[in-house]
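Novice: Have a look at this one.
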Amino acid sequence: MGLKLNATNGGGSVELDVPDTVSSDVVLTLPATDGDANQVLQTNGSGTLSWSHLYGPSFRAKLSDSQSVGNGEWTTAILNAEDWDTDNCFDTSNGRFTPNKAGIYYINVQTYLNYSGGDPNRFGVRVYKNGSWFAGDVTSAPNDYWGFAELSTLVNFNGSTDYVDLRSYILGATAGVQMLSGYTNMSGFYVRPE
């Protein structure tokens with residue numbers, strides 16, 4: 001037995017049917033609105049349906065100008081230019097990605113430092129989550145007057161307050177240390193629910 005809805009025009013109909021055998025009642029509660037373009041219905045596992053984007057946020061942000069780095073300090077990159085930001089989840093004022101959809105995300109960071117003085121012996125890049133070290137570390141000494149590091153990781157976000165940022169580090173440089181514009185960047189995209 002199904003629910004048959006007849007079209008107003010054209011003579012056709014749409015019918016919703018149930019499986020042949022169901023051992024208990026199944027109640028599905030539809031959302032109160034019709035959703036937005038390209039959204040799909042999803043269940044919370046308890047019968048409540050809601051509209052959701054099939055895909056989650058993605059972004060790529062970078063430095064538009066070089067940024068100074070303190071010697072021996074993990075310096076947050078204020079990535080102030082975006083190549084794209086599908087859901088407006090990246091904040092160019094503080095360099096943070098705060099996705100509005102919970103789940104697992106792929107995050108990639110790159111940093112390129114140059115310096116004009118000193119003899120650095122440590123260099124690195126990290127991803128910080130909610131202000132705490134999450135992934136990455138220092139590497140060996142950079143090359144003559146420059147260093148490049150890249151890191152990729154998976155991060156679980158709660159979809160409301162969790163955020164990540166990129167931080168760079170150099171030890172032993174005495175002058176002119178900068179993260180270079182264009183080369184220092186962070187990107188990421190939604191992979192799957194937790």
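The values are calculated or read from the model by the stated rules, or taken from the named source; none is laboratory data. Remember, predicted model here, so these are calculated numbers, not experimental data. Cβ atoms come from the backbone with ideal geometry, glycine included; neighbour counts cover every protein chain shown. Quick note on the areas: whole protein, heavy atoms, side chains included, nothing else; ligands and nucleic acids left out. Shrake-Rupley method; radii C 1.70, N 1.55, O 1.52, S 1.80 Å.
Novice: Can you name the residue in region 119-144 that is basic (Lys, Arg) and within 13 Å of Trp74 (Cβ to Cβ) and, of all such residues, is least open to solvent (accessible area, probe 1.4 Å)?
Specialist: Arg126
Novice: Could you pull out the residue among Val109, Val155 that is crowded, with 22+ Cβ neighbours inside 10 Å and part of a strand (DSSP E or B)? Steps first, answer last, please.
Specialist: Working: Val155 fails: crowded, with 22+ Cβ neighbours inside 10 Å.
On inspection, the qualifying residue turns out to be Val109.
Novice: Can you work out which of the residues in region 57-76 that are touching a Lys or Arg at 6+ places or on another chain (Cβ under 7 Å) and either in a strand (DSSP E or B) or open to solvent by less than 50 Å² (accessible area, probe 1.4 Å) (or both) is farthest from Gly176 (Cα to Cα)? Spell out how you get there, then give the answer.
Specialist: From region 57-76, those touching a Lys or Arg at 6+ places or on another chain (Cβ under 7 Å) are 57, 74-76; that's our starting set.
Checking the rest, the ones that are also either in a strand (DSSP E or B) or open to solvent by less than 50 Å² (accessible area, probe 1.4 Å) (or both) come to 57, 75-76.
Values: Pro57: 36, Thr75: 14, Thr76: 17 Å.
For region 57-76, the residue satisfying everything is Pro57.
Novice: Next up: Got at least one residue in region 85-103 being out of contact with any Lys or Arg (no Cβ under 7 Å at 6 or more places or on another chain), at pLDDT below 90, within 19 Å of Met179 (Cα to Cα) and surrounded by fewer than 16 Cβ atoms within 10 Å (Cβ to Cβ)?
Specialist: Let us first name the residues in region 85-103 that are out of contact with any Lys or Arg (no Cβ under 7 Å at 6 or more places or on another chain), namely 85-102.
Cutting the leftovers down to at pLDDT below 90 gives us none.
No, there is no match, as no residue in region 85-103 is out of contact with any Lys or Arg (no Cβ under 7 Å at 6 or more places or on another chain), at pLDDT below 90, within 19 Å of Met179 (Cα to Cα) and surrounded by fewer than 16 Cβ atoms within 10 Å (Cβ to Cβ).
Novice: Still on this structure: Which of the residues belonging to region 150-181 are within 22 Å of the chain's Cα centre (by Cα) and of a type in the set (Gly, Ala, Ser)?
Specialist: Ser152, Gly159, Ser160, Ser168, Ser181
Novice: Only one of these conditions is not met by Leu54: (1) touching a strand residue (DSSP E or B) at 6+ places or on another chain (Cβ under 6 Å); (2) surrounded by 12 or more Cβ atoms within 10 Å (Cβ to Cβ); (3) not small (Gly, Ala, Ser). Which number is it?
Specialist: Looking at each condition in turn, Leu54 falls short on (2).
Novice: Can you say whether Leu30 is of a type in the set (A, V, I, L, M, F, W, C), at pLDDT 85 or above and more than 21 Å from Thr153 (Cα to Cα), as far as the supplied structure shows?
Specialist: yes
Novice: Right, something else. Answer yes or no as to whether Gly147 is crowded, with 22+ Cβ neighbours inside 10 Å, closer than 25 Å to Ala81 by Cβ and more than 21 Å from the chain's Cα centre (by Cα).
Specialist: yes
Novice: Those residues that are assigned to a strand (DSSP E or B) and either modelled with pLDDT of 85 or more or among the β-branched types (Val, Ile, Thr) (or both), I need them from region 7-17; list them, please.
Specialist: Matches in region 7-17: Val14 only.
Novice: Among the numbered criteria (1) open to solvent by 90 Å² or more (accessible area, probe 1.4 Å); (2) modelled with pLDDT of 95 or more; (3) not in a strand (DSSP E or B), which one does Leu79 miss?
Specialist: (1)
Novice: Among the residues of region 142-152, what is the count of those that are in contact (Cβ under 8 Å) with a residue 24 or more places away in the chain and either touching a Lys or Arg at 6+ places or on another chain (Cβ under 7 Å) or not in a strand (DSSP E or B) (or both)?
Specialist: Total satisfying the criteria: 2.
Novice: Here are Thr75, Thr43, Thr86: which of them is within 27 Å of Asn114 (Cβ to Cβ) and either of a type outside the set (D, E, K, R) or touching a His at 6+ places or on another chain (Cβ under 6 Å) (or both)?
Specialist: Details: Thr43 fails: within 27 Å of Asn114 (Cβ to Cβ); Thr86 fails: within 27 Å of Asn114 (Cβ to Cβ).
Going through Thr75, Thr43, Thr86 in turn, the sole match is Thr75.
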